[in-house]
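The values are calculated or read from the model by the stated rules, or taken from the named source; none is laboratory data. Predicted, not measured: the structure shown is a model, and the values here were computed from it. Glycine gets a Cβ as well: all are built from the backbone with ideal geometry, and neighbour counts include every protein chain shown. Please note that ligands, DNA and RNA were not included when accessible areas were found on the heavy atoms of the full protein model with its side chains. Shrake-Rupley method; radii C 1.70, N 1.55, O 1.52, S 1.80 Å.
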Amino acid sequence: PVAEEPRIHRGGAGHGRLCYHFFKHFEKYYEHSALPLPPFCYVLSDFTEANLDFWKEHPRLQPYLSLGWLDITHFDVESSSELTLAYSGRTITADSLAQPLIVIANYFFDTIPQELFHIEDGAIAHGLLSLSSEADPAASTPGELIDSLQLTYDYAEATAPLYAQEPFLDELVEGYRQRLVSSHLLFPHVGLRCLARLRQLSQQGLLLLSADKGEHHLSNLDNQPAPRLTTHGSFSLNVNYHAFSAYCTQQGGLPLFPGHQQASLDLGCLLFLAEADSYKETLNAYLRFVNDYGPDDYFSLKKLIEQYFDTLSVRDILATLRLSGYDARIFQQMLPRLHELLPEISGNERWGLFQASHRIWDTYYPLGEENDLAFALGQLLFSLEFYQEAIAYFELSLKIYGEDAGSLYNIALCHVILDQVTEATSVMETLRLLHPDDEALDALYEQLRVSVSEADAVQAAV
């Protein structure tokens, strides 16, 4: 049967944070659009079953799973040619989609297999890699072992055809042999094969959005040395986005990449669609949100602002939060400076921070981080004298991180300030049960007892 819903496929989605951020930004446009938009389903995929299990249980994703906007599938970049959806039970096979498939592949192509060639004056050779390490594998973690790897390259003559039964890959490599003078070339054969298989799922074609450290200018692929690994607990390699662009053109599509040289992050949009240049809104959106000012520019500005966190005003902090989309990590980076400024805060700034605090939490996707965002927001709201709202965040902290004397004490103190004597007393009793022998809490107990007694006295006088 022909499926009615377009599919947004995320390959190798990891923890799923991008998916949640997508929904937080997209749902308001989808529900309030003046244009009639079709049903859709965002499909999270990964090869690792533990990641699939994590998504199934994550509380932030449950509303979207319930709505049918989200589904989950196992996907092997080297072999999968269909998608079996865990929740709907449907299997997407060749030509089963009537809408174009949208594929999001951020930080994906840099971690899957690539071919290495060496080109010299029209001759092409396979790059053969040997790995060695002086570290003891038995005594090292995988991350430590990766960091200690030494790379040795050898070369073997490559003869055509390089890829049996895949002339489109041979054609791309031949183009590099003719146009590059002297260079090592990473060639994303596995990534290109993956796209070729995914394109078969829809009758209408595919749109790829991909961001990574990489290069789409052919001139910058010449005179390249043998690649080195970028290590970060695991390892990755730069992405040859020029190969993806050339493949898209070869297949009659339209590749979109920034007209300028990127600093850190390349972001491409490949339209494997009939009459691709007729999708004017997509082309305009790419020009506006990537070419004119995009994620790579934002990342550069973020690194600049980070150098001046200790000089920002409240106005600067609020502007940075809005520019970041209320990013929780940036908020926590600026929090020490914010607490320095609180004694001099104006009424308008106080309300601005109150509004921002809820937006920060709304876009937050908990991953069990050490930094307790809920507690930090509770402290901020307490300092801003929004005591009832502070209680809600301290309670969220307890729910996520478990019973904690600091959160319980702050909740009790908020109840005291709000003259909620019964609630304060109840929390005090919980503290006493949890920490009966903790001498460090004695002062806290005494302070709360005094506050409760004063509140009782006021009530009696009234």
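Overview of results
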| read-out | value |
| --- | --- |
| Farthest toward positive dipole pole in the chain [+1 Lys/Arg, -1 Asp/Glu at C-beta], among Leu101, Pro295, Val77 | Leu101 |
| Gyration tensor (alpha-carbon) shape descriptor, the stretch 98-218, a/c threshold 1.5 | oblate |
| Protection proxy ranking, peptides 177-187, 378-388, average beta carbon neighbours within 10 Å, highest first | 378-388, 177-187 |
| For Asp266, residues with placed amide H under 5 Å, excluding near neighbours | Asp212, Lys213, Gly214 |
| Full-stretch length increase - Thr93, Phe299 - with 0.36 nm per residue and alpha-carbon distance subtracted | 70.4 nm |
| Other-chain or far-sequence residues with amide H under 5 Å of Tyr87's (modelled H) | Ile72 |
| Peptides 333-344, 415-426 ordered by average Cβ neighbours within 10 Å, highest first | 415-426, 333-344 |
| For the stretch 370-409 versus the stretch 150-216, the gap between their alpha-carbon centres in whole angstrom | 51 |
| Residue-normalised accessible area of the chain, expressed per residue, 1.4 Å probe, Å² | 51 |
| Dipole magnitude (debye, nearest 20) for the chain, charges at Cβ of Lys, Arg, Asp, Glu | 1400 |
| Whole-Hz ³J(HN,Hα) from phi, Karplus 6.51 cos²θ - 1.76 cosθ + 1.60, for the stretch 242-254, glycine and proline x | 4, 5, 5, 5, 5, 5, 4, 5, 4, 8, x, x, 10 |
| Under 5 Å, built H, 5+ apart or other chain: amide partners of Tyr163 | Asp170 |
| At most 16 other Cβ within 10 Å, DSSP loop - GluC sites (Glu not before Pro), the stretch 69-145 | Glu78, Glu82, Glu134 |
| ³J(HN,Hα) computed for each position of the stretch 70-85 - Karplus, 6.51 cos²θ - 1.76 cosθ + 1.60, integer Hz, glycine/proline x | 10, 9, 9, 8, 7, 9, 10, 4, 8, 9, 5, 10, 8, 10, 9, 8 |
| Bins of 20 Å, starting at 0 and running to the largest distance - Cα pair percent for the chain | 19, 45, 27, 8, 1 |
| Carbon and sulfur %, accessible surface of the chain computed with the full protein complex present, 1.4 Å | 53 |
